[in-house]
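Everything on this sheet refers to the single structure shown next.
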Amino acid sequence: MTSTPETFAAAPFSRIKIRTGALVFCGGDVALIRRDRADSIHYTPPGGNVEHGEDLGAALARELTEELGLDVDQAEGGDLMWVVDQRVTRPGPTPPPRKLHLIYRFHITPELRATLAETELDELPDGSHETGVIEWIDYRETAELPIFPPIGPALAALPDSRAAVTDTALDAVTDDNYTWV
């Protein structure tokens, strides 16, 4: 069979998207965005998709400014902490992309934290917005939280918020170990 562009466009996981996100720590607390939906509640680290041709660092800085009001030049760190490979079937009319989540780590002061956003607006495909609430949660209490990508157990297992990470590749998220909510 000869493959055509239409064949590739219809195949699940044939496109790859990159999402940059950050764990922003203030002492033992980490900023997570809580999204309340009719049938579920879940958390995500602040961040978003990298636009075509956009530099990874620029994408991360843009997303943290948009979602938290954080200027990364005022934060300490910026090291890549984890990579999560996502291949999960999801509802919707388009085939799901494969997504690589690049999760960085920053540390901020309580004074800077006091200036950051408390809510975040996420634009939906129809042009409306979903409001997320910025919650500061003790990172040691994240193991059982519904966080996507599912980094809660690895996050809670850190001996401290500045602990070195020896393996940046977390387990892949697939239909075998995750159900889309």
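The values are calculated or read from the model by the stated rules, or taken from the named source; none is laboratory data. What you see is a predicted model; the values in this text were computed from it and never measured. Positions of Cβ are generated from backbone atoms using ideal geometry, with glycine treated the same way; all protein chains shown enter the neighbour counts. Accessible surface areas use protein heavy atoms only, side chains included; no ligands, DNA or RNA. Shrake-Rupley method; radii C 1.70, N 1.55, O 1.52, S 1.80 Å.
The set of residues in region 32-48 that are under 13 Å from the mean Cα position of the chain (by Cα) and open to solvent by 50 Å² or more (accessible area, probe 1.4 Å) contains only ARG34.
The residue pairs whose first member lies in region 155-166 and is among the hydrophobic types (A, V, I, L, M, F, W, C), whose second member is assigned to a loop (DSSP other than H, G, I, E, B), and whose beta carbons are closer than 7 Å, counting only pairs six or more residues apart or on different chains, are LEU155/THR142; ALA156/THR142; ALA156/ALA143. Among all positions in region 103-110, there is no residue which is over 17 Å from the mean Cα position of the chain (by Cα), open to solvent by 60 Å² or more (accessible area, probe 1.4 Å) and either within 27 Å of ALA11 (Cα to Cα) or among the basic types (Lys, Arg) (or both). Does ARG98 qualify as being in contact with a Lys or Arg (Cβ under 7 Å, 6 or more places away or on another chain) and either without any contact (Cβ under 8 Å) to a residue 60 or more places away in the chain or open to solvent by 20 Å² or more (accessible area, probe 1.4 Å) (or both)? Judged against the criteria, ARG98 is a match.
With respect to the conditions (1) open to solvent by 70 Å² or more (accessible area, probe 1.4 Å); (2) over 21 Å from TYR178 (Cβ atoms); (3) in contact (Cβ under 8 Å) with a residue 24 or more places away in the chain, GLU123 lacks only one, and its number is (3). Just one of the listed residues (ALA169, ALA75, ALA117) is surrounded by 12 or more Cβ atoms within 10 Å (Cβ to Cβ), farther than 23 Å from ASP36 by Cα and in contact (Cβ under 8 Å) with a residue 24 or more places away in the chain, namely ALA75. With respect to the stated conditions, ALA117 is within 19 Å of GLY21 (Cβ to Cβ), over 15 Å from the mean Cα position of the chain (by Cα) and not acidic (Asp, Glu). Anything in region 113-140 that is modelled with pLDDT of 95 or more and touching a helix residue (DSSP H, G or I) at 6+ places or on another chain (Cβ under 7 Å)? List them, or say none. Passing the criteria: LEU116, ALA117, ILE134, TYR139, ARG140. Taking the stated definitions as given, is PRO93 closer than 20 Å to ILE33 by Cα, loosely packed, with under 12 Cβ neighbours inside 10 Å and not acidic (Asp, Glu)? The answer is no for PRO93.
Residue-wise test of (1) among the hydrophobic types (A, V, I, L, M, F, W, C); (2) closer than 25 Å to THR119 by Cβ; (3) modelled with pLDDT of 95 or more.
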{"site": "ALA58", "(1), (2), (3)": "yes, yes, yes"}
{"site": "ARG62", "(1), (2), (3)": "no, yes, yes"}
{"site": "THR65", "(1), (2), (3)": "no, yes, yes"}
{"site": "LEU68", "(1), (2), (3)": "yes, yes, yes"}
{"site": "GLN74", "(1), (2), (3)": "no, yes, yes"}
{"site": "THR89", "(1), (2), (3)": "no, no, no"}
{"site": "PRO93", "(1), (2), (3)": "no, no, no"}
{"site": "PRO96", "(1), (2), (3)": "no, no, no"}
{"site": "TYR104", "(1), (2), (3)": "no, yes, yes"}
